[in-house]
Structures are given as structure tokens and as C-alpha cells.
Amino acid sequence: MPPTDRFVATAQFHVRYAETDAQGVVHHASYVIWLEEARLNYARVRGRDYAEIERAGIFMSVIGVEIRYRAAAHFGDYITVHCWLDEVKSRTMAFGYEVMVGDRLCATARTDSICITREGKVTVWPKFMSEWYGNQP
């Protein structure tokens, strides 16, 4: 269940045929793409398009992905991904996720990201990003 003590963004979409195997079951790698879309949506809902952040020279480079698969999703299912900031440090952020089809939990996940410059150097998050942690929209 998503936390109640911080902001949670929700992304929704239908499972595309290309995201499934021959039996119409979502391929495990598709979940990583959905997590990315949920993170980008989180930034949009918080008032910043991620493309704008990158144009400013700040990059959220994923350094870890952990997914626990609970139930299968299928072609045509309507997916809901809840996304929240689980942890923020000066140079790293961890997002938590729940992937749902209706009331059925399909997966839980976590991604860890590090803040880097266009040149690939580790740096601190901009103030507006570090302030995302919390319950305010």
C-alpha cells in the first residue's frame, strides 16, 4: 500500500501488445519502463517536466532497480502505478512503487537514482527536487 505520510503520484495506461509475450502476459522487463514513466509523471505532477530538468543539466541516473512480482498483468489490462519518494539524500533518491490492475497488486518496486551533471559528475539535487520529499503536492 502506498504511504499516507508523503505525496503519491499515479500514472495509468493500458498494457500494450508489444509489452507481452506470446501468451499475452506482460514481460518482466516492461515493468522497468512503467516505473520510468511513473517517475517522469511524478516530476510532472510536482510541477517540473523531466525534459526541462535535463535541459538544465541535471540528470537522474538510475543506479538500482528492485522489483517483486506478485501477479501477472495481461494485454489490455488497465495499469495503475503509484509512485512516491521513499528516501532523499543530498545526492541520491529512492522511489517506491506499486503496480496495480484494479485492486490486484501485480508488483512492488524500488529504484535508486543518483544526481549527475551533463559531464557525468555526481552532484547534489536542486533544491526543488530535494523538497519533493513530503506530503505536499
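The values are calculated or read from the model by the stated rules, or taken from the named source; none is laboratory data. Values in this document were obtained by computation on a predicted structure and should not be read as measured data. Virtual Cβ from ideal backbone geometry, glycine too; neighbours counted across all protein chains shown.
Please verify whether Y50 is surrounded by 12 or more Cβ atoms within 10 Å (Cβ to Cβ) and within 17 Å of I114 (Cα to Cα), treating the condition exactly as stated. In short, yes. Residues in region 67-111 that are part of a loop (DSSP other than H, G, I, E, B), farther than 30 Å from V124 by Cα and either in contact (Cβ under 8 Å) with a residue 24 or more places away in the chain or small (G, A, S) (or both): R70, A71, A72, A73, F75, G76, D77, G102. Here is a check on your reading of the model: is R44 surrounded by 12 or more Cβ atoms within 10 Å (Cβ to Cβ) and assigned to a loop (DSSP other than H, G, I, E, B)? Judged against the criteria, R44 is not a match. Against the criterion of being touching a residue at least 24 places away in the same chain (Cβ under 8 Å), within 25 Å of Y133 (Cβ to Cβ), assigned to a strand (DSSP E or B) and not hydrophobic (A, V, I, L, M, F, W, C), E37 does not qualify. Remark: pairs (first residue in region 1-17, over 20 Å from I33 (Cα atoms); second residue among the acidic types (D, E); Cβ separation under 9 Å; 6+ apart in sequence or on different chains) = M1/E98; P3/D86; R6/D86. Taking the listed residues H14, H28, the one that is more than 22 Å from Y133 (Cβ to Cβ), touching a Gly at 6+ places or on another chain (Cβ under 7 Å), surrounded by fewer than 13 Cβ atoms within 10 Å (Cβ to Cβ) and not hydrophobic (A, V, I, L, M, F, W, C) is H14, with no other qualifying.
Candidates in region 48-64 are the residues that are part of a helix (DSSP H, G or I) and of a type outside the set (V, I, T); of these, the one that is nearest to the chain's Cα centre (by Cα) is Y50.
Answer yes if at least one residue in region 41-48 is modelled with pLDDT of 95 or more and closer than 17 Å to Y69 by Cα, and no otherwise. For region 41-48, residues modelled with pLDDT of 95 or more and closer than 17 Å to Y69 by Cα: absent.
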